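The structure appears right after this line, and notes come after that.
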């Protein structure tokens, strides 16, 4: 058991124990191919791969204890293997914050240089600074007999957020971009100007199964439908602004969004929880013109 | 549709102009005017220019300071500046340029300027809201203008606010010798009001973290809102909009801690955005 008084704390600043970071989750696993697996605690999801000698794990789960649970799952599937490489999908702590707890022996922590820059500057407790970085849009890796390509389609969510493509297994893995159902809360740190066109670039690749960073895998239709949902929410946010809905008043936006969008999207997973927050975020985006330099000229032209 | 702004003097030779919740300032020396921002629509910018001319006879806008990149404050700054200067922080200027505006002076650090007979300090103490958000200090008039803090609790989603540095910067600015603080939204305040704005955000940040520590489902507003409302009501329940805004603010803040912040702005080294080693 991890001690909530002494566990890694990310960037939490309050004194006292953090039982939320110490609570062990149950991580299950499912094969995606001969040597590729997906692991989930029901909310977070990632992938790991069996190498000739050891293991390559993507991401670390969302807390010190969840990282430990992830490691337990890997050890059950591949007992006695060294977890020598951790690949970060992006820089957020809730996916990549706890490599120390997942694999203290890992000799390689791999990330895109844009993610690595944020991680190094952040200095979060428990997040390991990448030992190896890559730049640009696409790079093929062969690590311990495992072949995959990392792809940065342009600004989508977070910094240096990349997809991992496993062409032999027909799998594309990417975190916090396409997720079943409506978007998570207020779609945090999504770069909404460029998100949709940059994500659509990934449709040009050969894959059958999309593994998101949360909930369950999707097929190509599910991926496309999810992107179309965001197009509609962007339009709905313009409609709300035009109708004079106060873009800062969540209760008003939530009521408006549920009434306006229930017929179209009411059956989507987490509609009642988040439809108001999704619309509110897009309203704020439209009103302010985007948040930060990522939202200025972030659309990447051309196919992958 | 005609738009009318509310204009009121806030210091010697300085006025505040408000359109609903949005607010800015302009200062005059003789017929030369320095204006800040310019509102979000062409109609409001036109009304702002009209209000300046109605207040300062034969006014000539010699400079506009785009204090923040957000469209709802500065979408029309270039048009308002006309042939005058358009001044912005480098980070803000990059965004303005990407949107077709034309900053003529780009600042990479604090600057003392003489514009239109006014002595201005343009202060950048780190990321607060938006990109390259400048505080406009008029030392002789003991006045400070800043987009971000409010005299109430109507922050909504805290859009594009960078919590790593936000309240530190506000507290530093509250140490300036000023009598009036004009925020970009809501009523004018003073330095005590600015400190209270920082206190509110800090208290909300602490309560949001504690909610996570206590095992609340931090993604559910029906759980977060009553938790933080109870924690903060005694100290901040008098702030306008507290009950409608505190819950969504808590959802926003707890994800800052869970995710680690958003970009280099929320790290210890935001100067990397400017390419500084």
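Please report how far the C-alpha centroid of region A:4-39 lies from that of region B:151-215, rounded to the nearest whole angstrom.
If you average the Cα positions of each part, the centres end up 32 Å apart.
Working from Cα positions, state the angle (0 to 90°, nearest 10) between the long axis of helix A:250-265 and the longest principal axis of chain A.
For helix A:250-265, the angle is close to 80 degrees.
Shielding of B:240-251 by partners, i.e. mean partner chain Cβ atoms within 10 Å per residue?
Details: counts 0, 2, 0, 1, 6, 4, 0, 2, 11, 1, 0, 5.
Mean partner-chain Cβ count within 10 Å for B:240-251: 3.
Based on the Kirkwood radius over alpha-carbon pairs, what is the Stokes-Einstein translational diffusion coefficient of chain B at 37 °C with 0.692 mPa s viscosity, in µm²/s?
171
By count of other Cβ within 10 Å, fewest leading, how are B:92, A:96 ordered?
Going from least to most buried by this count: B:92, A:96.
Classify region A:96-173: rounded, prolate or oblate, from the alpha-carbon gyration tensor (a ≥ b ≥ c, eigenvalue square roots; a/c under 1.5 rounded; otherwise prolate if a/b is larger than b/c)?
oblate
Quick check: from the Cα gyration tensor, does region B:6-147 come out rounded (a/c under 1.5), prolate or oblate?
Judged from the Cα gyration tensor, region B:6-147 comes out rounded (a/c under 1.5).
Return a whole-number percent for the relative contact order of chain A, with Cα pairs under 8 Å and 6 or more residues apart as the contact set.
14
Size of region A:22-93 along its principal axes in angstrom, Cα-based, largest extent first?
Computed over the Cα atoms, the extents are 32, 23, 21 Å.
Taking a ≥ b ≥ c as the square roots of the eigenvalues of the Cα gyration tensor of the protein assembly as shown, is the shape rounded (a/c under 1.5), prolate (a/b larger than b/c) or oblate? Don't skip to the end; give the middle numbers.
On the way: a/c = 1.92, a/b = 1.82, b/c = 1.05.
Here the protein assembly as shown falls in the prolate category.
If contacts are Cα pairs under 8 angstrom and at least 6 residues apart, what is the relative contact order of region B:200-264 in percent?
About 39 percent, as a whole number.
Take the Cα radius of gyration of chain A and divide it by 2.2 N^0.38 Å, with N its residue count; two decimals is plenty.
Normalised Rg, Cα atoms only: 1.00.
Quick check on the protein assembly as shown: helices-only [θ] at 222 nm, where DSSP H runs of length 4 and up contribute -39,500 (n - 2.57) each and the sum goes over total residues. Nearest 500, please.
Result for the protein assembly as shown, helices only: -10500 deg cm²/dmol.
Please list the radius of gyration and Dmax for region B:200-264, considering alpha-carbon atoms only, with Å as the unit.
11.2, 35
To the nearest 10 degrees, how steep is helix A:271-288 against the longest Cα principal axis of chain A, on a 0 to 90 scale?
Helix A:271-288 sits at roughly 70 degrees to that axis.
So if I take the centroid of the Cα atoms in region B:73-111 and the same for region A:47-102, what is the distance between those two points in Å?
46
Residue by residue through A:246-252, how many Cβ atoms from other chains fall within 10 Å of the Cβ on average? Provide the component values of the computation, followed by the final result.
Values: counts 4, 4, 12, 6, 10, 7, 1.
That works out to 6 on average.
Tell me the relative contact order for chain B as a rounded percent, counting alpha carbon contacts under 8 Å between residues six or more apart.
On the way: 575 pairs, mean separation 38.5, N = 277.
It rounds to 14 percent for chain B.
None of the figures in this text is laboratory data; all of them are computed from the coordinates on show. The structure displayed is predicted, hence computed values, not measured ones. FYI the Cβ positions are ideal-geometry reconstructions off the backbone, even for glycines, and counts take in every protein chain you see.
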